[in-house]
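Chemist: Pasting a structure below so you can have a look.
Values in this text are rule-based calculations from the coordinates and carry no lab data. Not measured: the values here are computed from a predicted model. All Cβ positions, even for glycine, are placed from backbone atoms using ideal geometry, and neighbour counts span all protein chains on display.
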């Protein structure tokens, strides 16, 4: 299982450490579109990069992203990233049009379509996941659970449906899904989240124990705890170490259960 570190790290020291120890990131086009491509290429050299459109975050703030501009960016950055995701919107029809439009760009790997919790909840759109499989998609993103209140039973039904539907026909990427419960119970090919940044930005700290990571909020931590008094960059470094170790352990654990991804 691959764990992509999402978000923009504000500390050069911590980012350099993450580059050396892990080098696997998910970045959003919405936050990169004004950066010089040559600079990004230098920064990404030798790293495993996945690109997201950032459409969800932009829509939440009342903005929008042009699929034409997104495709131009992907074309400009071809060869500098390994995977990219479709520009999904609130409209399923528009999302599917965007998928087709981006797939016309033959110089990049096929963009990952994204299946949402809201799609699963819709009688009309629940079959979209099977639609993606039937159209030859071997790598699919699933998401739409961030910020959504749901019971454990409903959450289980959603993920059971996703993994039962794809079986071993496709690989799944969990968007914003580094929950230990999810990673230990479902054979994701890859996941991402901004959890590694939270430790440095908000004063929390992350530790690992028995192949699990634990995030402790600063307000609940004891001043005597070995991590609470560390600087933001040092806390981020420890978070990187935690996720590097966790990725290795989860990959080995799922391999024993028959899930071995070769690429």
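Chemist: Could you check what % of the DSSP bridge pairs in the chain are antiparallel, to the nearest 5?
Modeler: Close to 20 percent.
Chemist: In deg cm²/dmol and to the nearest 500, what is the mean residue ellipticity at 222 nm of the chain if only DSSP H runs of at least 4 residues count, each as -39500 (n - 2.57), divided by the residue total?
Modeler: -12500 deg cm²/dmol
Chemist: What's the extension gain from residue 180 to residue 48 if we count 0.36 nm per residue and subtract their Cα-Cα distance?
Modeler: Length gained, residue 180 through residue 48: 45.3 nm.
Chemist: Put a dot 7 Å past each Cα toward the Cβ at residue 16 and residue 135; how far apart are the dots in nm?
Modeler: 4.5 nm
Chemist: With a point put 7 Å past each Cα toward its Cβ, work out how far residue 75 is from residue 39 in nm, to one decimal.
Modeler: Modelled inter-label distance: 2.4 nm.
Chemist: Here is a further query. State, to one decimal in nm, how far the label point of residue 150 lies from the label point of residue 58, with both points 7 Å from Cα in the Cβ direction.
Modeler: For residue 150 paired with residue 58, the spin-label model returns 2.6 nm.
Chemist: One-quarter of the Cα convex hull surface for the chain, in nm²?
Modeler: 14.6 nm²
Chemist: Sticking with this structure for a sec: Is the C-alpha gyration tensor of the stretch 50-113 telling us rounded, prolate or oblate? Criteria: a/c under 1.5 is rounded; beyond that, a/b larger than b/c is prolate, otherwise oblate.
Modeler: Cα axes put the stretch 50-113 in the prolate bin.
Chemist: Looking at the stretch 1-111, what % of the alpha carbon pairs are farther apart than 16 Å?
Modeler: That tail contains 60 percent of the Cα-Cα pairs.
Chemist: Over the Cα atoms of the stretch 111-198, what is the Rg over Rh ratio if Rh follows Kirkwood?
Modeler: The Rg/Rh ratio comes out at 0.94.
Chemist: Looking at the chain as a GNM with Cα springs under 10 Å, which of 167, 144, 54 has the largest mean-square fluctuation?
Modeler: Highest fluctuation among the options: 167.
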